[in-house]
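For reference, the structure discussed in these notes is given below.
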Amino acid sequence: MSESLKGAVALVTGASSGIGEATARTLAARGAKVALVARRVERLEKLASEIAAQGHTALVIEADITDQQQAIGAVDRTVGDFGRLDILVNNAGVMLLGPVASSPTEEWDRMIDINLKGLLYMTHAATPHLLAGVEDSPRGATDLVNISSVAGRTASAGAGVYNLTKFGVGAVSESLRQELSRKGVRVTIVEPGAVSTELVDHLRPEIRDSVRERFDDIKALDAQDIADAIEYAVTRPAHVSINEILIRPTSQR
C-alpha cells in the first residue's frame with residue numbers, strides 16, 4: 001500500500017542537480033511541499049518554477065550546509081514557511097577519488113565537510129522537527145533519508161577517503177535508526193552504484209578519465225531510479241520502515 005504525501009513537507013539537500021533534483025520533482029509530484037537546498041541558486045529557481053508549473057509547491061533556499069549556521073537556517077526557513085518538516089533527504093555529497101598518497105588533502109576536507117559534517121548538521125537541526133511532526137502526521141511517521149553509496153559497503157584502492165565518509169554515513173544512519181525509530185522517525189539509507197550524474201565531473205582530469213573508462217561498458221542508473229527508490233521508502237505505511245536500499249546497475253560487478 002502506498003501513502004500519498006499530500007500535506008507533508010520535504011527538504012532535499014543537493015537539489016540543484018542529479019539525484020537531489022529528481023527526488024525533489026518526485027516528492028512534489030506525490031503532493032509534498034518541497035524545500036530545495038543547494039548553493040547554485042539559479043538552478044534551484046529554475047527547478048522551483050518547473051515544479052510550480054506542474055501545480056506543486058517548492059521553496060528555494062540557497063545554503064552551504066557545511067556551515068552549521070546555514071544548515072540550521074535552511075531547516076528553520078523550511079519550518080517557518082511551511083509550518084512543519086516531515087521528510088529530510090540528505091543527498092548533498094561529493095566523490096573526489098584518488099590514491100591517498102598523492103591526493104590533495106583539500107579534497108579530503110571537502111568530502112568530510114559535505115558528506116559527513118553537512119549531513120550531521122542538517123540531521124541535528126531537523127530531528128526535533130521530525131519528532132514533532134510524528135504526532136500530527138497524517139502518515140503516522142516522518143522520514144530521514146541518507147544517501148550513501150556502494151562505496152559505503154566495500155573499500156577499494158583509490159577511494160579510501162570517499163569510502164571513509166560513506167562507511168560513516170552507514171554507521172551514523174544505523175545509530176540514528178536505533179535512536180529514533182521507536183519514536184516514529186523512520187531512517188533509510190540508500191546506497192547507489194554507478195549513477196549518471198555530475199559526481200564524476202568534479203574529479204581531477206586524470207582520475208575522471210580512468211573512472212569513466214572503468215564504467216564504460218556499464219549502463220549506469222539514472223537519477224530518477226534513485227528518486228523512485230526514495231519515493232518507495234517514504235510512502236510506505238507507518239508500520240513499515242525500509243532501512244536500507246542497495247541499488248546497482250544490473251551489469252555492475
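The values are calculated or read from the model by the stated rules, or taken from the named source; none is laboratory data. Please read all numbers here as calculations on a predicted model, not as lab measurements. Don't worry about glycine lacking a Cβ; one is built from the backbone with ideal geometry, like all the others, and counts go over all protein chains shown.
Tell me, yes or no, whether region 24-35 has at least one residue that is among the polar types (S, T, N, Q) and crowded, with 19+ Cβ neighbours inside 10 Å.
Keep residues of region 24-35 that are among the polar types (S, T, N, Q), which gives 26.
Those left that are additionally crowded, with 19+ Cβ neighbours inside 10 Å: 26.
Yes.
Return only the number of the condition from (1) assigned to a helix (DSSP H, G or I); (2) at pLDDT 95 or above; (3) more than 20 Å from the chain's Cα centre (by Cα) that A74 does not satisfy.
Answer for A74: the failing condition is (3).
Is it the case that R84 is over 23 Å from S148 (Cβ atoms) and either in a strand (DSSP E or B) or basic (K, R) (or both)? Give the derivation first.
Values: over 23 Å from S148 (Cβ atoms): yes; either in a strand (DSSP E or B) or basic (K, R) (or both): yes.
Spelling it out, R84 is indeed over 23 Å from S148 (Cβ atoms) and either in a strand (DSSP E or B) or basic (K, R) (or both).
Out of the residues in region 135-188 meeting the condition of being farther than 19 Å from L116 by Cβ and aliphatic (A, V, I, L, M), tell me which one is farthest from the chain's Cα centre (by Cα).
Only one residue tops the list, namely A157.
Restricting the first residue to region 35-49 and requiring it to be under 14 Å from I19 (Cα atoms) and free of Cβ contacts under 8 Å to residues at least 40 places away in the same chain, which pairs with a second residue that is of a type in the set (A, V, I, L, M) and not in a strand (DSSP E or B) meet a Cβ separation below 8 Å and a spacing of at least six or different chains?
Qualifying pairs under 8 Å: L36/A15; L36/A24; L36/L44; L36/L47; L36/A48; L44/A15; L47/A15; L47/A24.
I'd like to verify a number: residues in region 114-164 that are in a loop (DSSP other than H, G, I, E, B), in contact with a strand residue (DSSP E or B) (Cβ under 8 Å, 6 or more places away or on another chain) and within 23 Å of I247 (Cα to Cα), how many? Show your work before the answer.
Here is the first cut: in region 114-164, the ones in a loop (DSSP other than H, G, I, E, B) are 136-141, 148-149, 153-159.
Narrowing the set further to residues that are in contact with a strand residue (DSSP E or B) (Cβ under 8 Å, 6 or more places away or on another chain) leaves 141, 148-149, 153.
From the residues that got through so far, the ones that are within 23 Å of I247 (Cα to Cα) too are 148-149, 153.
Summing the residues that are in a loop (DSSP other than H, G, I, E, B), in contact with a strand residue (DSSP E or B) (Cβ under 8 Å, 6 or more places away or on another chain) and within 23 Å of I247 (Cα to Cα) in region 114-164 gives 3.
Could you please find all residues in region 82-120 being of a type in the set (K, R) and out of contact with any Ser or Thr (no Cβ under 7 Å at 6 or more places or on another chain)? Talk me through it step by step, then tell me what you get.
Applying the first criterion (of a type in the set (K, R)) to region 82-120 yields 84, 110, 117.
Answer for region 82-120, where residues must be of a type in the set (K, R) and out of contact with any Ser or Thr (no Cβ under 7 Å at 6 or more places or on another chain): R84, R110.
Take T123 and tell me if it is farther than 28 Å from P104 by Cα, surrounded by 18 or more Cβ atoms within 10 Å (Cβ to Cβ), out of contact with any Ser or Thr (no Cβ under 9 Å at 6 or more places or on another chain) and among the polar types (S, T, N, Q).
The answer is yes for T123.
Would you check which residues across region 197-253 are among the polar types (S, T, N, Q) and at pLDDT 70 or above and list them? Before the answer, list the steps.
Initial filter on region 197-253 (among the polar types (S, T, N, Q)): 197, 210, 224, 235, 241, 243, 250-252.
Correct list: T197, Q224, T235, S241, N243, T250, S251, Q252.
Which of (1) within 29 Å of G152 (Cβ to Cβ); (2) crowded, with 24+ Cβ neighbours inside 10 Å; (3) at pLDDT 95 or above does Q69 not meet, given it meets every other one?
For Q69, the failing item is (2).
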